[in-house]
Amino acid sequence: MPHIDGLSNRELFYILNGARPETLRRAYWAAKINDTGDPKQDWLSEARTKLDLRRGIVRNTDWTADVVHGGYCDRIRELWLFCPPNHLSPHGNTACIPIHEPHTAFQFKVGAFASNIAGSGCQRMRALLVGRVNDRASGDAIAFIWDEEADVMWEPWHCNLRNLGTWRESIAPPGTANCDEIGVKLL
Amino acid sequence: MADYSSITMQYNTGSDASPTWTGTALAQNGSAGANELRMAMSSGSQTGSTASASWPYMSRPTSGTSAVNQLWAFSADTTGSQIATYTGDNTKANVLRLNFSADGNPITAMQFSYFADSTLTAPSAGTQPPGSHNDPFTNGQSSDTSSTAYIKINAFDQGLTSGGTQRTPSAGSVGTNPSATTGSAGAATIASNAWMSTWQSAQGFIQYISGSNAPQANTSFFWYFTMVIFLGANITTGTYTVVFCLQYTYS
């Protein structure tokens, strides 16, 4: 099992784009892809922004567009989740999943579009999941979940990418994951 | 960008045979009567310029159940039109649709249903009067609805297949006409290139509709759906604003 050294202040400053963990307003993922000692070479972080020349916008680092299509899925060593301050943890939460095999790390979000009958509508993120496939044949996996609505980081959730269930009643079971979009290769 | 930059709900202002969807998108985050779908009975006094606060009450039946027979869409407090193809039964196909932008990366199938409010608290099946963050419509009642929701829903396929084919319904009937007791536990999965034969109850994610797999990424599409709202003799009276919720995943 790879040894997890944790994060230096320099790395954390880079990963969170200069923000302190206790000032986060939303959750972010970060993936360690190298071990040079230079955060710019070692980390891909959703909290960091980049210029998207194709779309002509500045956007956050995107899992599918940058990690998967950038060819980094076989290089991820650690997958981190940074959660904002919440009612159970005033300084926020942090989770780290060591990645043992290529193409077993994954990240995705649960979103919702809600529109009232006699009211207005909104689009929002309900949860952010980071995880690791433990058995590529069966699809069994483990994930940490930042639950935006419950305002907590859940304890490790045992799931299966071939048939994703749910961790609480108000979240519908998402079903089978499209592994190509998240960079996972099942057997 | 992995999330859809735009998801809107559109309603048909034309006929079933010649639907008109242009300019009917209900935008997000309206207030004071703007961007609303409102239910009504044909016996009511509502018009396209009736303010939200003046919207007429509907009387529950003295016995049994009956369908709400009008649905109106308002872009502003006093600017609205009746959705002519909402008839309170299964006779019209082109009623409502979701409009997705071309920049989303869905990871799994999508699901939708109704909840009491934006907290998306799970309904309590059969409970009248409803508790906190519940409502009588999604809770249902034992004798009126067999504890399913008073709202019934149907969807035409999942809108866009994983291979990128847009599924669009023809005019006409939608499955078997639902009754107030229609609905089954868990997810009702859509039918391929068709409406579901049996409608589903919209009771949070206790009873809901699910697609079969993730739609193709980075592709705009429409997902056509419809609904029938019932009233029953045992529904708790009051003023309610139920919430339509589409759940999806993205990277």
Once the dipole of the protein assembly as shown is set up from charges on Cβ (+1 Lys and Arg, -1 Asp and Glu), the residue from the list B:GLN203, B:SER81, A:PHE144 lying farthest towards its positive end is B:SER81
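Here is the link list: A:LYS40/A:LYS185; A:LYS109/A:LYS185; A:LYS32/A:LYS109. Which ones come out longer than 24 Å on Cα distance? Could the numbers behind the result be given before it?
On the way: A:LYS40/A:LYS185 27 Å; A:LYS109/A:LYS185 19 Å; A:LYS32/A:LYS109 19 Å.
Table pairs above 24 Å Cα-Cα are A:LYS40/A:LYS185.
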Sum up the charges of everything whose Cβ sits under 9 Å from the Cβ of A:LEU79, counting Lys and Arg as +1 and Asp and Glu as -1, but leave A:LEU79 out. +2
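Once the Cβ-Cβ distance between B:SER54 and A:GLU101 is put in as r, and R0 is 56 Å, what FRET efficiency do you end up with, to the nearest 0.05?
Working: r = 63 Å, r/R0 = 1.13.
The pair B:SER54/A:GLU101 has a calculated efficiency of 0.35.
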Dipole axis of the stretch B:85-185 (+1 Lys, Arg; -1 Asp, Glu on Cβ), positive-most option in B:ALA180, B:THR148, B:GLY164: B:GLY164
Could you check the spin-label model distance between B:SER45 and A:GLN41? Points 7 Å from the Cα along Cα→Cβ, value in nm. 7.7
Label-point gap, in nm, between B:THR176 and A:ASN9 - each point 7 angstrom along Cα→Cβ: 7.0
Run a plain Debye calculation on the stretch B:62-211 (Cα atoms as equal point scatterers, no solvent) and give log10 I(q)/I(0) at q = 0.09, 0.17, 0.22 Å⁻¹, rounded to two decimals, same order as the q list. -0.31, -1.10, -1.46
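Quick check on the exposure proxy: order A:ASP151, B:ASP117 from fewest to most C-beta atoms within 10 angstrom.
Working: A:ASP151 14, B:ASP117 18.
Final ranking by Cβ density, sparse to dense: A:ASP151, B:ASP117.
Applying 1/(1 + (r/R0)^6) with R0 = 25 Å to the Cβ-Cβ distance of A:TRP157 and B:ALA185, what FRET efficiency is obtained, to the nearest 0.05?
Values: r = 23 Å, r/R0 = 0.92.
E(calc), rounded to 0.05, equals 0.65.
Dipole size in debye (nearest 20) for the stretch A:1-51 around its Cα centre, Lys and Arg Cβ +1, Asp and Glu Cβ -1? Please list the in-between numbers first.
Working: 8 positive and 7 negative charges, 65 e Å.
Dipole magnitude for the stretch A:1-51 comes out near 320 debye.
Report the local net charge at B:THR65: Lys and Arg +1, Asp and Glu -1, summed over other residues whose C-beta lies under 14 Å from its C-beta. Kindly include the intermediate steps, with their values, before the conclusion.
Numbers: positive: B:ARG60, B:LYS152; negative: B:ASP89, B:ASP144.
Within the 14 Å Cβ shell, the charges total 0.
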Computed FRET value (nearest 0.05) for A:ARG59 with B:THR62, which takes r as the C-beta separation and R₀ as 45 Å: 0.20
tail above 34 Å in the computed P(r) of the protein assembly as shown, as % of all Cα-Cα pairs, reads 35
Give me the inter-chain shielding for B:99-108: mean count of other chain Cβ atoms within 10 Å, whole number please. 5
Measure off 7 Å from each Cα along the Cα-to-Cβ vector at B:ALA102 and B:SER197, then give the distance between these two points in nanometres to one decimal. 3.8
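Each value in this text was obtained by applying a stated rule to the coordinates, not by laboratory testing. Quantities reported herein were computed from a predicted structural model and do not represent experimental measurements. Counting neighbours? That spans all protein chains shown, and the Cβs are built from the backbone with ideal geometry, glycine included.
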